[in-house]
Each structure stands twice: as structure tokens, then as C-alpha cells.
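One structure is given here, and the rest of the page talks about it.
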Amino acid sequence: MTSTKSQAVKKVVESEQEVAKQLCTLVEHLSNEAIEARGRFTIGLSGK
């Protein structure tokens with residue numbers, strides 16, 4: 001298994017809807033990069 005280091009990003013947005021929109025855009029970008037580089041994308045989510 002390959003591990004990658006991530007960098008923290010801090011943004012201030014106006015609403016919860018904007019958080020969701022920006023998160024979707026980020027995940028789309030990162031997934032496309034991973035698929036192009038390694039042929040797959042894996043994500044782990046945690047929450048309630």
C-alpha cells in the first residue's frame with residue numbers, strides 16, 4: 001500500500017452549501033488525478 005502526505009487547507013466560506021460545493025470540487029479534482037496517475041481512487045470517510 002502506498003501512503004501519501006496531505007497538506008492542510010483552511011478556507012472560510014459563507015455557507016454550508018458553499019462548503020459542500022467546494023468539497024465536491026476538491027474530491028473530483030483529487031480523484032481524477034489519482035485515477036490518471038494510478039488507475040484508481042480510494043477515499044475513506046468518517047462521521048456520525
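Which angle between 0 and 90 degrees, to the nearest 10, do you get for helix 16-38 versus the longest principal axis of the chain when only C-alpha atoms count? Helix 16-38 and the main axis of the chain meet at about 10 degrees.
The C-alpha atoms of segment 1-44 occupy a region whose extents along the principal axes are 37, 17, 16 Å, arranged from largest to smallest. In the chain, the calculated helix contribution to ellipticity at 222 nm averages -17000 deg cm²/dmol per residue, counting -39,500 (n - 2.57) for every DSSP H run with n ≥ 4. Relative protection proxy for 26-39, 6-19, from highest mean packing down: 26-39, 6-19 (other beta-carbon atoms within 10 angstrom).
Read the figures in this text as sums done on the coordinates, not as results from a lab. Quick caveat: nothing in here was measured; it's all calculated off a predicted structure. Neighbour counts are summed over all protein chains in view; Cβ atoms, including those assigned to glycine, are modelled from backbone coordinates with ideal geometry.
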